[in-house]
Amino acid sequence: VADDGYRLWLKYDRVADASRLAQYRAAAQFVAASGGDAVLTTAAAELQRGLQGLLGQAVPRLAAPASTKRGILLAIDPSANVSGSSASRDGYQISAQGKNLVVKGRSGAGVLYGVFALLRQLQTGQSVANLSLTSSPRIQYRLLNHWDNPNGTVERGYAGSSIWKWNELPQRLDPRYTDYARANASIGINGVAINNVNASARYLTAEYLDKVKALAGVMRPYGIRVYLSVFWAAPKVIGGLKTADPLDPQVQQWWKAKTDEIYRAIPDFGGFLVKANSEGEPGPQDYGRNHADGANMLATALGTHDGIVMWRAFVYKAGSDDRFKQAYEEFKPLDGKFSPKVLVQVKNGPIDFQAREPFHPLFGAMPQTPLVLEVQITQEYLGMATHLVYLAPMFKECLDADTQTKGPGSTVARVVDGSLDQHRLSGIAGVANIGTDRNWTGHPMGQANWYAFGRLAWDYTLPSAAIAKEWTQMTLTREPKAVATIVELMDRSRDVYVRYTTPLGLHHIMGQNIHYGPEPWLAQAGRPDWTAVYYHKADSLGLGFNRTATGSNALALYSAGVQQQWGNPTTCPLNYLLWFHHVGWKQPLRTGRTLWNELVTRYYTGADSVTWMQQRWASVQPAVDPALHADVAARLAIQRREALWWRDACVLYFQTFSKQPIPAPFAPPT
Ligand code: GCU
């Protein structure tokens, strides 16, 4: 049977290695779990399901361990000894106890995460003899953000329609919802904001809340809470009020009543995600109020309910000299003004999910406010669902970046996990790449980005390659040489993409609106900061955006240590060079090449690396499902063609400014 990708990394195919199979069969003759906790029950059922597939035989569930057989015990133990963040109720511990294996969780969810960790051991062929594993998430709120609309479309979605079938809810629950919840729980995701940040007010109507309630009922046994993106002007649009001013008592009362109504239907509702006064969305500024006024009003409406407000900092306006600075300028002054239930959600970089951005200057700059890191799993600016780009290295580049705001080691990860500034709340959000395509993500390899997001949200210290390896083993093949080849290909793919699209710190030179393909010549759009020339600033002298003190001075938003390194073009990492400097075409760089020659070299070698990726992929053909292999190979062929498109469009366009020849060995034969 062709592998259609539906089962993701939860395939549970029978273990091929005979000695491993024998070991697993001996160790797992029963599953024992007592108590009626709903998530614990899910954990037991998932373990039985996994074992049945992997061992090729049914494994019974017992209320108590069998004395004569070896099996797996599941138990909730709030004082279980877990490594990592000891405050987390999601931690688990797996250990051998006598002849049995015991999976303890600090909550039902902890047991479920432990079960998935145990299944992962089996799926990747590890020994379970004397198994001892313990883990606890570093970040508390680990969310997917769906940009799904009521009409079934997905903003920046490339894998079909929305998986939520609003016309069928609440009566019919598509089985896919359960498989979605399983996949999320298997990687530790514990919350989903189900609708687009460009939100429809409709979700807050009684009609839709009934549907949301039904979805929450599917998610709950998997330890997943549901969140809603809210339309700021909902009190006007569906509440019949004249205003949405957060300081208006009637508006406050409306949100309070609405929130209570939600919690009556969904007692474990997670809270609100808000995009306000951004890209035309309404917000508190429409009434002369600020973001804190708006966020705090919603926090007050939440009252004693166990929910949070995630208020997005993705804001920019027409007419500024540098969009880079705007979120900082609006939000930094509000540090310390947010209620304890509010987290400010910040994109990884200052512009908008470009293939490579420096870390957002708000990280480290708002010590009194918990900040949620928002990354994009859907590949809006990274080749959508046709280019193979493994995103873990990009997520980690941001998490590992050192803000230096409290001395060396003040990484973005430590801002986000709350440890740098001792915050009680911590969160991370990934914009989902999921749709109704049979394989969920359009590009079969896009599944790895969903997977990697969850694994890093749980533990950002995991190496990208290690995550790629376990995903590959569970999803594609267990053949060691093929695994190594695929992991190498994945791990290099993001750098390859950057080289053939936006090398050396170029950014925002993609096709207008669609955000696909090159359009560096774009000079006319709705406003200057939607063009490309605003960002690359190519002229007869050179290329790049001067953000030093002699330019927009956006660099001044960073700590002194960062400014010192990035402010000097000779010490600024080449990957960020044109983010901060306007560099002369003939300026020699550290590589020994001039800027122009380095630029051309990167475009050409980047495009050639796609050929390398094609060759590597071809070499694993015998080890991978034929249909899936052919699918990825065909997408790589598109990627190769489009890498040439990017290369030629950009090199030829920039050449009209540099007036330099294309250097050997790339120059076309004359
Ligand atoms: C990007 C994207 C929009 C989205 C916005 C956001 O600009 O293109 O579609 O709405 O980000 O994050 O709010």
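Each reported figure results from applying straightforward, stated rules to the coordinates on display, with no laboratory input. Since we're looking at a predicted model, the values are computed, not measured. Don't worry about glycine lacking a Cβ; one is built from the backbone with ideal geometry, like all the others, and counts go over all protein chains shown.
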Near the amide H of ALA32, under 5 Å away, which other amide H atoms are found, from residues 5 or more places off or on another chain, if H is placed in the peptide plane? LEU62, ILE72, LEU73, LEU74
For the stretch 425-467 and the stretch 643-669, distance of Cα centres in Å: 35
Which pairs break 32 Å Cα to Cα here: LYS337/LYS469; LYS275/LYS469; LYS236/LYS332; LYS213/LYS406; LYS211/LYS469? LYS337/LYS469; LYS275/LYS469; LYS213/LYS406; LYS211/LYS469
With x for Gly and Pro, the residue-by-residue ³J(HN,Hα) of the stretch 641-656, computed from phi through the Karplus equation 6.51 cos²θ - 1.76 cosθ + 1.60 at θ = phi - 60° and given in whole Hz, is 4, 6, 5, 5, 4, 4, 4, 5, 4, 6, 4, 5, 5, 5, 5, 5
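Compute the Cα gyration tensor for the chain, then decide on rounded, prolate or oblate, letting a ≥ b ≥ c be the square roots of its eigenvalues: rounded whenever a/c is under 1.5, prolate when a/b is larger than b/c in the other cases, and oblate in all that remain. Kindly include the intermediate steps, with their values, before the conclusion.
Values: a/c = 1.82, a/b = 1.22, b/c = 1.49.
Judged from the Cα gyration tensor, the chain comes out oblate (a/c at least 1.5, b/c at or above a/b).
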Per-residue HN-Hα couplings for the stretch 251-267, Karplus 6.51 cos²θ - 1.76 cosθ + 1.60 at θ = phi - 60°, whole Hz, x for Gly and Pro? 5, 4, 5, 4, 5, 4, 5, 5, 5, 4, 4, 4, 5, 5, 7, 10, x
Which of the trypsin sites (Lys or Arg not before Pro) across the stretch 209-312 are loop residues per DSSP, with 15 or fewer other Cβ within 10 Å? LYS242
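Grab the DSSP H runs of the chain that are 4 residues or longer, score each as -39,500 (n - 2.57), total them, divide by all residues and round the 222 nm result to the nearest 500 deg cm²/dmol. Spell out each step's value before the answer.
On the way: 19 runs with 242 residues, N = 670.
Roughly -11500 deg cm²/dmol at 222 nm, from the helical runs in the chain.
Order of 109-118, 415-424 by packing, highest average Cβ count within 10 Å first? Could you put the intermediate results ahead of the total?
Numbers: 109-118: 27.0, 415-424: 18.5.
Put in order of decreasing packing, that is 109-118, 415-424.
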Ranked from highest to lowest mean number of other Cβ atoms within 10 Å per residue, what is the order of the peptides 26-34, 266-274? 266-274, 26-34
Amide H to amide H, which residues 5 or more places from TYR227 or on other chains are under 5 Å from it, using H placed in the peptide plane? VAL192, ALA193, ILE194, GLY270
Please compute the net charge surrounding PRO408, taking Lys and Arg as +1 and Asp and Glu as -1 over other residues with Cβ under 15 Å from its Cβ. 0
Amide H of GLN376 versus every other amide H placed in the peptide plane: which residues, excluding those fewer than 5 positions away on the same chain, fall under 5 Å? VAL431
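Is the shape of the stretch 141-475 rounded, prolate or oblate, going by the alpha carbon gyration tensor and its root eigenvalues a ≥ b ≥ c, with a/c under 1.5 for rounded and a/b larger than b/c for prolate? Display every interim value, and only then the final one.
On the way: a/c = 1.58, a/b = 1.08, b/c = 1.46.
In terms of gyration-tensor shape, oblate.
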Where both partners of a DSSP beta bridge lie in the chain, what percent of those bridges are antiparallel, to the nearest 5? 30
Just need the relative contact order of the chain here, percent rounded to a whole number, with Cα pairs under 8 Å and 6+ apart. 11
